[in-house]
1. How do the strands (runs of 3 or more DSSP E) wholly within region 40-80 filter down when requiring 1 or more residues that are open to solvent by 30 Å² or more (accessible area, probe 1.4 Å): which remain?
2. Looking at (1) within 35 Å of the chain's Cα centre (by Cα); (2) of a type outside the set (Val, Ile, Thr); (3) farther than 18 Å from residue 163 by Cβ, which is the only condition residue 116 fails?
3. If the Cβ limit is 8 Å and pairs must be 6+ apart or interchain, which residue in region 291-310 that is closer than 19 Å to residue 205 by Cα pairs with which residue that is outside any helix (DSSP H, G or I)?
4. Kindly evaluate residue 453 against the criterion of being open to solvent by 40 Å² or more (accessible area, probe 1.4 Å) and in contact with an Asp or Glu (Cβ under 9 Å, 6 or more places away or on another chain).
5. Got a sec? Which of 153, 76, 95, 64 is touching a Gly at 6+ places or on another chain (Cβ under 7 Å) and within 26 Å of residue 36 (Cβ to Cβ)?
6. Taking the residues in region 184-235 that are without any contact (Cβ under 8 Å) to a residue 40 or more places away in the chain and among the β-branched types (Val, Ile, Thr) as candidates, determine which candidate is farthest from residue 254 (Cα to Cα).
7. Would you point out the residue of region 217-249, among those that are exposed (fewer than 13 other Cβ atoms within 10 Å of the Cβ) and of a type in the set (A, V, I, L, M, F, W, C), that is nearest to residue 394 (Cα to Cα)?
8. What helices (runs of 4 or more DSSP H) lie completely within region 390-458 and have 3 or more residues being on the phi < 0 side of the Ramachandran plot and either free of Cβ contacts under 8 Å to residues at least 40 places away in the same chain or not assigned by the TED database to the domain that holds residue 225 (or both)?
Amino acid sequence: MNKNSSNTMALAPNTSNKRETVCIFGTGDFGRALGQKMIQSGYPVVYGSRSTQISNLIPKDAEVLGHAEAAQKAAVIIIAIQRQHYNFLTTLAEVLHGKVLVDISNNLKLNQYPESNAEYLAQLLPGSKVVKGFNTVSAWALQSGTLDASRQVFICGDDVEAKQMVMNIVRGLGLTPVDKGSLLAAQEIENYPLQLFPMWKFPIFLSLGLGLFFFFYSLALDVIHTYIYENNNFSFFIAITVPNRVFPAMALTLFGLVYLPGIFAAIIQLYRGTKYRRFPDWLDRWMLARKQLGLIALAFASLHAVFTLVTPLRAFSSWRTSRQIISQALSNETVTLDHTNAWLSDSYLAMGMLGFFLFVLLGITSLPSVSNSVNWREFRFVQSKLGYLALILCTAHAMIYGGKWFLNPSAYKWYLPDIYMLSLVVPCAVLVVKFVLIFPCVDKHLTRIRQGWERKPRYSE
């Protein structure tokens, strides 16, 4: 009997599909967009406003009442007004007592106030249950159906039940709630929309510094030196030639910097004999920026490929080719094919194309939509094994390009190495040390450390 009853209840349809009424204080852009989204999701919406006149901007199925009357109709009230207007809420303290207040406000700058807006609201209305949420979602994202925006909504609050009610509303809107803990996390959540590419600052500034260095270095050797000592005005090199020397140098250097922190981490773990100690802060920040460094390197590699493809279209290339042809015709000479140079040229191009292909594969795999569809072993294989293979191919591409000039004194203008020589320093150092680390005697010891073995255990039996 009990078994049949249990089955009947399990198969019975859920009759509690009716959505609870939600009140919104504020009829601004975000308040209207959120109200429209809630109505589309089946939530009855009532607006609390100073003016109860119906505007054509308000969603047509929403009700507009005074603040006190609107608050009485809902258990969850979304505060879609700015912090400087919170004071009027104290006059509604009795009506708002026991209600769930969702603070969605943002500030104009980071840490604008000593406490978060949500904490300030909780201080004004101690009898209410304040939850922080929806501040990282834009009105545009709600109006466009969140198809082109992040679906994550960060939630925090001290009352577990109130927070769960808000998270259920978030799910009802087709969004993904992320529980960030107590109301103490509200300051962090309010800072999220004000941060401009927080993970990209170090990679961008590093790339900018390296780019300027390589640009002026190449400008000095390829334009200024030629003008001073050969009296040739090659200033037009600034448009194509100099950038196409900077781009591959930047791509290869940044590519090496992607794998260099992993080398440092392995050396530190071998030296310490344990994995249970934090890396230095500078190394932690560097490792967290590897994805961004790799994507910037891929951007420079792509520019190098494009600039190389358009090189034959340049007037300078046409002039140089026609000059060589005329010179051979006037001297009645025929230049035979140099098979050694042909092999080097084809190998140089093949290494570059294969390296670029793997580089693009690494970039695609780093995208969240792709990385989420592969398991950890597959992701590690692509990013580590294929990544090092791509680095080897790109390094070989650069070495074959200028290998014959390494010992040629004429290649050292003002006694300075060419830019491609500088670009080989970091990747070659990474590959040499990595080659040592994969020796069985070293790799076995490093693997044991990463599996939990310690040279000097913290706790002895």
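The values are calculated or read from the model by the stated rules, or taken from the named source; none is laboratory data. Just so it is clear, the model here is predicted, and its values are computed rather than measured. No Cβ is skipped: glycine too gets one built from the backbone with ideal geometry, and neighbour counts run over all protein chains shown. SASA here: full protein model, heavy atoms, side chains in, ligands and nucleic acids out. Shrake-Rupley method; radii C 1.70, N 1.55, O 1.52, S 1.80 Å.
1. Values: elements: 45-48, 63-65, 76-79.
Qualifying strands (runs of 3 or more DSSP E): 63-65.
2. (3)
3. Between residues of region 291-310 that are closer than 19 Å to residue 205 by Cα and residues that are outside any helix (DSSP H, G or I), the close pairs are 291/366; 294/366; 295/366.
4. Here the answer is no, as residue 453 does not meet what is asked.
5. Within the list 153, 76, 95, 64, the selection yields 153.
6. Selected residue: 228.
7. That would be 239.
8. Values: elements: 419-423, 425-437, 440-450.
Those helices (runs of 4 or more DSSP H) span 425-437, 440-450.
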